[in-house]
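Heads up, the thing below is written out as structure tokens.
Just so it is clear, none of the values below were taken in a lab; they were calculated from the coordinates. These numbers come from a predicted model, not from an experiment. Glycine also receives a Cβ, built like all others from the backbone with ideal geometry; neighbour counts cover every protein chain displayed.
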Amino acid sequence: MKKLILALTILLFQIACHTKNESPDYTILRAVDLYTGKGKCGEILMPSISREMKSSDREKLLRDILKKEGWVIISAYASMEAFNEKSCATLPMRSKAFKDGYIGKIDENGAFSD
């Protein structure tokens, strides 16, 4: 009976570890100190994420990474093309590569935009 309880405990522990809400892999493309001295701003590449993911799910994912990295601003891209195409132009004026590969941003005020 003790062996059965031990085996069941180990099995439940393994299941709990594998179902933990882990964020997908990402690569830090750039992380810089803000000129205001209020922390860091980071940009990440997440090829496993797309704009087809619900906006609220992308926001939660970015908030988790923001907290993990200790940043105050985060921008995320699904492709290097989107990262390379970023600009100050309004969204309608941006390239298709940017529009397709931009995952979202959380600004210094905590607002999510996509």
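Among the residues of region 51-79, the ones that are out of contact with any Lys or Arg (no Cβ under 9 Å at 6 or more places or on another chain) and not basic (Lys, Arg) come to 11 in all. Yes or no: region 53-72 includes at least one residue that is farther than 18 Å from Phe112 by Cα and out of contact with any His (no Cβ under 8 Å at 6 or more places or on another chain). No, every residue in region 53-72 fails to be farther than 18 Å from Phe112 by Cα and out of contact with any His (no Cβ under 8 Å at 6 or more places or on another chain). Scanning region 44-77 for residues that are over 16 Å from Lys99 (Cβ atoms) and without any contact (Cβ under 8 Å) to a residue 24 or more places away in the chain turns up Lys54, Ser56, Asp57, Lys60, Lys67.
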